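Let me begin by presenting the structure, written as structure tokens, before commenting on it.
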Amino acid sequence: MAAPFILINLKSYAEGFGYNAQKIAQVAEKIAHENDVRIGIAPGYMDIHPFHVHYSLPVFAQHVDGVTPGAHTGHIVADALKAAGATGTLINHSERRLTLADIEAAHRSARNAGLETVICTNNVATSGAATFFEPDYIAIEPPELIGSGISVSKADPGIIEKSVEAVHSVNAGVKVLTGAGISTGECVRTALDLGTDGVLLASGVVKAADPEAVLRDLISKI
């Protein structure tokens, strides 16, 4: 069985770039090496290349546009992310919501560039629909719980179970992540017990006074 995946989204928090981001990456790398768990990090675009160079962690972009290289000023091009050292990318995060057509285009661009894909969804129906694109992961995140400190695995376990069922009914090979309010090892254990393959989280680690202590707790019940 594959090791659980913990993906840390640094977003645009002040604690999530520059030296602060490096400290999070350092402790995440150490903990990942000490334990049978895969920890990835999604930094700001400016940090993708240095993270790729200095750390062995999988590095994910926070967004990608469904465009090919060309005259697209201000767009995030999948090939450029790959060249910078990205392993994969988030698509359709609740703070960067896309239309279904844009999700498909972004996913196709990422796939063509050789990037892993994590399509974020907000409900069971969207989870099932997005699975038809055959991403590596579907990350179910009810937006009302993001950053709330209230774990979706406790507040709404039904949406996790039903999303896993919806995803696997379309393609059993697509993995499912749980997001929104994840902050403790108990949250992670519950998410895994409900059938998911890991978690997507942000503020619980990024804004913590001691990110290492939080990360060690997150993996403590795996």
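The values are calculated or read from the model by the stated rules, or taken from the named source; none is laboratory data. Given the structure is predicted, the values throughout are model-derived calculations rather than measurements. Glycine also receives a Cβ, built like all others from the backbone with ideal geometry; neighbour counts cover every protein chain displayed.
Brief remarks follow.
- Given (1) of a type in the set (A, V, I, L, M); (2) in contact with a strand residue (DSSP E or B) (Cβ under 8 Å, 6 or more places away or on another chain); (3) surrounded by fewer than 20 Cβ atoms within 10 Å (Cβ to Cβ), index of the condition V176 fails: (3)
- When L218 is tested against (1) closer than 23 Å to Q26 by Cβ; (2) surrounded by fewer than 24 Cβ atoms within 10 Å (Cβ to Cβ); (3) touching a residue at least 40 places away in the same chain (Cβ under 8 Å), just one condition goes unmet, and that condition is (2).
- Residue match in the range 39-56 (condition: among the polar types (S, T, N, Q), surrounded by fewer than 18 Cβ atoms within 10 Å (Cβ to Cβ) and in a helix (DSSP H, G or I)): no
- Residue match in the range 65-72 (condition: of a type in the set (D, E, K, R) and within 29 Å of D102 (Cα to Cα)): yes
- R108 of a type in the set (K, R) and modelled with pLDDT of 90 or more: yes
- Any chance K175 is more than 19 Å from A25 (Cβ to Cβ) and in contact (Cβ under 8 Å) with a residue 24 or more places away in the chain: yes
- Flag not set for H33, criterion: in contact with a helix residue (DSSP H, G or I) (Cβ under 6 Å, 6 or more places away or on another chain), part of a helix (DSSP H, G or I) and not acidic (D, E).
- Those strands (runs of 3 or more DSSP E) lying entirely in the range 123-222 with at least 2 residues under 15 Å from H93 (Cα atoms) and either at pLDDT 95 or above or not aliphatic (A, V, I, L, M) (or both): 137-140, 175-179
- Filtering H93, H72 for residues that are in a loop (DSSP other than H, G, I, E, B) and under 20 Å from T131 (Cα atoms) leaves a single hit, H93.
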